[in-house]
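*Asks:* Sharing a structure with you now.
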Amino acid sequence: MFIIPARDLVWEIDSPQVMGILNTTPDSFYAESRYSSMDLALVKSAEFYEQGASIIDIGGQSTRPGAKLVSAAEEINIVVPFITAIKKQFPQLLLSIDTFQASVAQAALDAGANIVNDISCGNFDKDMLKVVAENKAGFVGMHITGDVHTMHEIEPRKDIMQNLLSYFENKKQQLADYGIHNWVIDPGFGFGKTVDENFTIVKNLNALSVLDMPILLGVSRKSSIYKTLNISPEEALNGTTVVNTTGLLNGASIVRVHDVKQAKEIIQLLPYLK
C-alpha cells in the first residue's frame, strides 16, 4: 500500500484507481472532456463519482501540442470556481489540480483541491515544490523534457526506460530535499516521445517498480493511439481500453481517463487476468 498526503484527506493506494479528467478549458484536444458550464461539470463529477472514480483531475490549461498558454491569473479564474463547487458537493472526493504554475496550485489548494498534478514535476515553476510541501498536498510528477514551449519536441535517446529511471531517481532526491517523500510518478505517455517509445513504456511499465512508487498512466484517447488506428480521438475508447489494460497488468496504480466507467470495468476484471 502507498499512503500519499492529500491535505485534509489521506490518499491510500492499495489497489488500482481511476482519475477522471475534467477540463474547464475550451482548448482541450478531446471535445467531450470540456466543461465550461458549472452545471454540466457538477453533473459529470457526480457521474464520475458514481462510476467509481477516486480522483477528479481539474485543468484550466491545455497541454496539447500547439495549445495557447494562458496566464496564471486566467487559469485561476477558470479553475477555482469549479474546484470550490465540486468540493462542496463531494467533500470526500479527492480533487486534483492539473497545473504547472505554482500560484495556480496554491489557489486551487486554498479552494479545496487535495493533489497537484504537475506535468513538469516542478521543472517549469521553481516555486511549485515549495507550494506542495507547505500545503502537505498530494503530488503527481510527470517525466518531461524541454520547457513549456518545447515539451513536445522529441529528444534523441537510446533507451526510454533507462531515461525514465534516471529522471525519477533524480526527482526523488530533489523532492526529498523539500520533505516530499511519498508521491506519484507519471512516465509521460505522449509528451516528447515517439510512438514506439510510448508503447514501449506501457509494455515495460513494471521496470519502474524498482522506484517503489505508485505509477499514474495517462494514455486516454491520445494521438499515439488514434493515429496508429487511423481514427479520431472520439473513436479511440477501445484503443484506450487496450492500452490501459496492458498498463494495469504491468503495474500502473492509477489510470487517468476521460471514460471512468470503462476504466473501472478493467480494474474489476484484473484479478481474473493475472
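*Asks:* Spot the failing condition for residue 82; the list is (1) surrounded by fewer than 16 Cβ atoms within 10 Å (Cβ to Cβ); (2) closer than 17 Å to residue 19 by Cβ, and only one is missed.
*Replies:* With respect to (1) surrounded by fewer than 16 Cβ atoms within 10 Å (Cβ to Cβ); (2) closer than 17 Å to residue 19 by Cβ, residue 82 is out only on (1).
*Asks:* Sort out which residues of the stretch 222-240 are under 15 Å from residue 266 (Cβ atoms) and either in contact with a strand residue (DSSP E or B) (Cβ under 9 Å, 6 or more places away or on another chain) or among the aromatic types (Phe, Trp, Tyr) (or both), and write them in order of number.
*Replies:* 240
*Asks:* Need a quick list: helices (runs of 4 or more DSSP H) entirely within the stretch 172-274 having at least 2 residues that are basic (Lys, Arg) and surrounded by 14 or more Cβ atoms within 10 Å (Cβ to Cβ).
*Replies:* Details: elements: 195-203, 223-226, 237-249, 260-273.
Hits in the stretch 172-274: 260-273.
*Asks:* Pull up the stretch 70-116, narrow it to residues that are without any contact (Cβ under 8 Å) to a residue 60 or more places away in the chain and of a type in the set (S, T, N, Q), then point me to the one that is farthest from residue 145 (Cα to Cα).
*Replies:* Going through the qualifying residues, I end up with 89.
*Asks:* Among the residues that make up the stretch 141-161, is at least one of them of a type in the set (S, T, N, Q), surrounded by fewer than 18 Cβ atoms within 10 Å (Cβ to Cβ) and assigned to a helix (DSSP H, G or I)?
*Replies:* Restricting attention to the stretch 141-161, the residues satisfying the condition of being of a type in the set (S, T, N, Q) are 145, 150.
Still in the running and surrounded by fewer than 18 Cβ atoms within 10 Å (Cβ to Cβ): 150.
Now restrict to residues that are assigned to a helix (DSSP H, G or I): none.
Scanning the stretch 141-161 turns up no residue that is of a type in the set (S, T, N, Q), surrounded by fewer than 18 Cβ atoms within 10 Å (Cβ to Cβ) and assigned to a helix (DSSP H, G or I).
*Asks:* A further question on this structure: When both residues are 6+ apart or on different chains and their Cβ atoms are under 8 Å apart, which pairs have a first residue that lies in the stretch 35-59 and is over 12 Å from residue 86 (Cβ atoms) and touching a residue at least 60 places away in the same chain (Cβ under 8 Å), and a second that is among the basic types (Lys, Arg) and surrounded by fewer than 24 Cβ atoms within 10 Å (Cβ to Cβ)?
*Replies:* 51/261; 51/264; 52/261; 52/264
*Asks:* Restricted to the stretch 117-145, and to residues that are more than 17 Å from the chain's Cα centre (by Cα) and without any contact (Cβ under 8 Å) to a residue 60 or more places away in the chain, which residue is farthest from residue 80 (Cα to Cα)? Working first, answer last.
*Replies:* Taking the stretch 117-145 as the starting set, the residues that turn out to be more than 17 Å from the chain's Cα centre (by Cα) are 125-127, 130-131, 133-136.
Going one step further and asking which of them are without any contact (Cβ under 8 Å) to a residue 60 or more places away in the chain, we end up with 125-127, 130-131, 133-134.
Details: 125: 19, 126: 22, 127: 19, 130: 20, 131: 16, 133: 20, 134: 19 Å.
The residue in question is 126.
All of the numbers you see were taken from the coordinates with simple rules; none came from a lab. If you're wondering where the values come from, they're calculated on a predicted model, not measured in any experiment. Ideal geometry is used to build each Cβ from the backbone, glycine not excepted, and the neighbour counts take in all protein chains shown.
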